[in-house]
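*Asks:* Quick one: the structure is below, questions incoming.
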Amino acid sequence: MFSKIMSPKVSKDTKVAKDTKVTKDIKVETNMKKTSSNAIPSIIGSDVTIVGNVSSQGVMQLEGKIEGDININHLTVGNDGWVEGSIVADEAIIKGKVVGTIKARKVVLEKSAKVHGDIQHEIISIEEGAVIEGSFNSTKKNVVEVSKLNVN
């Protein structure tokens, strides 16, 4: 008797068990063309680790860990959130840890942020207490054009 091994299909609605690792590139598809303040975010819980690249044209709240690159419209890395890889976003709010480069039009580093990498930005806000090990590159040009985010 033979059995077929199937790859799991993962989407923003997929529920995973506690302490689960997702080891596939994730693409979150939404119908949102612009991020609005009332948009429902995709939430990556503190018990989830994703190994692979993540891309979305929407909003994401990261409380877990992503080991890979992130291309997104709006990202919030929560206090317990952790990214090992580069972030490309229109807006990135960092409260947790990032090991890698950040390229975003607007970057907000809250007091609990720990960033180990370079930051390219148009607008930046840094709260007292944030830890940054890397260089800053301010630009007046659009750092990221949301329509060019690689979400194919």
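*Asks:* Skipping prolines and chain starts, which residues have an amide H placed within reach, meaning under 5 Å, of the one on residue 93, given they are 5 or more residues away or on another chain?
*Replies:* 75, 76, 77, 108
*Asks:* With a point put 7 Å past each Cα toward its Cβ, work out how far residue 61 is from residue 47 in nm, to one decimal.
*Replies:* Inter-label distance under the simple model: 1.7 nm.
*Asks:* Right, here's the next one. In nm, what is the difference between 0.36 nm times the number of residues separating residue 140 and residue 122 and their Cα-Cα distance?
*Replies:* Extending this stretch completely gives an extra 5.9 nm.
FYI, it's all coordinate maths here, none of it is from the lab. Keep in mind that what you see is a predicted model, and the values were worked out from it rather than measured. Positions of Cβ are generated from backbone atoms using ideal geometry, with glycine treated the same way; all protein chains shown enter the neighbour counts.
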